[in-house]
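Read through the structure below, which is laid out as structure tokens, and then see the notes.
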Amino acid sequence: MRSKYRVVVVITFFIAMLVGMLFMSTGGGTKKPYKNSGVLLEELEGDNVVKVRDEELLSLFTHYYSYSIAGDMDGLEECVSSIRMLNKNTIMQRYQYIEKIDNLTCYAAPAVEPDFYIVYVSGDMHIREIKTPAPTLSVYLVAKTFDDRYVVYVSAVPEEEAIHLDDLNNSENVRKLTEQVNQDLEKAVQKDAQLADFVQRLQEASGGNQ
């Protein structure tokens, strides 16, 4: 019998090419999706992943990345649903090569539960001692708290929520977004040998290749 719950704890794909291993690429041109200027998170409707221009959401991830890179658990406590679900050593290991992540853009769709959202965050990851930033794409479950704040949800979620996430991951909009970030990363590694070497080593460590 399948469990009613499945743990989805900060699902993060740092390097876009690694996302490509998980999402089926559609191929095609280089035209960027989401030409609209974006909507507020609470204005989202339906199951389409669209660009959002919510300053509170951008602030959440700006602080979330900054605190994670610094290993600041007190700061992270303000950004996540339960700090007890996070381990400082694991976080420090995950972000050990990263100096900062900036130029963030958020794309989102409503989750199954009210006041929950699936949020895809793209940005530039600055790796220590490497000049060229790596385009990245990560996906998170975000919740609105009782005091009207957004937090990254890091606890167990219902199985139907995980199924909904799988469906979004394979949607046309997310495939296009993934493809664009992959293309941007390919251009970056072509002009920076150090970045190319880093990405290759990261792919080898993950057990996969493009």
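The values are calculated or read from the model by the stated rules, or taken from the named source; none is laboratory data. The shown structure was predicted, so the numbers you read here are calculated from the model rather than taken from an experiment. Counting neighbours? That spans all protein chains shown, and the Cβs are built from the backbone with ideal geometry, glycine included.
Laid out as a table, the results:
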{"item": "Entirely in the stretch 54-127, the helices (runs of 4 or more DSSP H) that have 2 or more residues that are touching a strand residue (DSSP E or B) at 6+ places or on another chain (Cβ under 8 Å)", "result": "55-70"}
{"item": "Evaluation of Ile83 against (1) over 24 Å from Ser171 (Cβ atoms); (2) out of contact with any helix residue (DSSP H, G or I) (no Cβ under 6 Å at 6 or more places or on another chain); (3) free of Cβ contacts under 8 Å to residues at least 40 places away in the same chain (one fails), failing number", "result": "(2)"}
{"item": "Hey, Ala162 hydrophobic (A, V, I, L, M, F, W, C), outside any loop (DSSP other than H, G, I, E, B), out of contact with any Pro (no Cβ under 6 Å at 6 or more places or on another chain) and within 30 Å of Pro110 (Cα to Cα) or not", "result": "yes"}
{"item": "Count of residues meeting criterion [modelled with pLDDT under 95 and in contact with a Phe, Trp or Tyr (Cβ under 7 Å, 6 or more places away or on another chain)] in the stretch 70-82", "result": "1"}
{"item": "Set Ala108, Ala143: member being among the small types (Gly, Ala, Ser), touching a Ser or Thr at 6+ places or on another chain (Cβ under 9 Å) and either touching a residue at least 24 places away in the same chain (Cβ under 8 Å) or within 24 Å of Ala196 (Cβ to Cβ) (or both)", "result": "Ala143"}
{"item": "Residue in the stretch 192-206 that is at pLDDT 90 or above, surrounded by fewer than 16 Cβ atoms within 10 Å (Cβ to Cβ) and in contact with a Ser or Thr (Cβ under 9 Å, 6 or more places away or on another chain) present", "result": "yes"}
{"item": "Flag for Val189 being β-branched (Val, Ile, Thr), in contact with a helix residue (DSSP H, G or I) (Cβ under 6 Å, 6 or more places away or on another chain), more than 23 Å from Val50 (Cα to Cα) and assigned to a helix (DSSP H, G or I)", "result": "yes"}
{"item": "From Leu177, Leu137, residue being in a helix (DSSP H, G or I), buried (at least 17 other Cβ atoms within 10 Å of the Cβ) and modelled with pLDDT of 90 or more", "result": "Leu177"}
{"item": "Test: Asp166 is within 17 Å of the chain's Cα centre (by Cα) and free of Cβ contacts under 8 Å to residues at least 60 places away in the same chain", "result": "yes"}
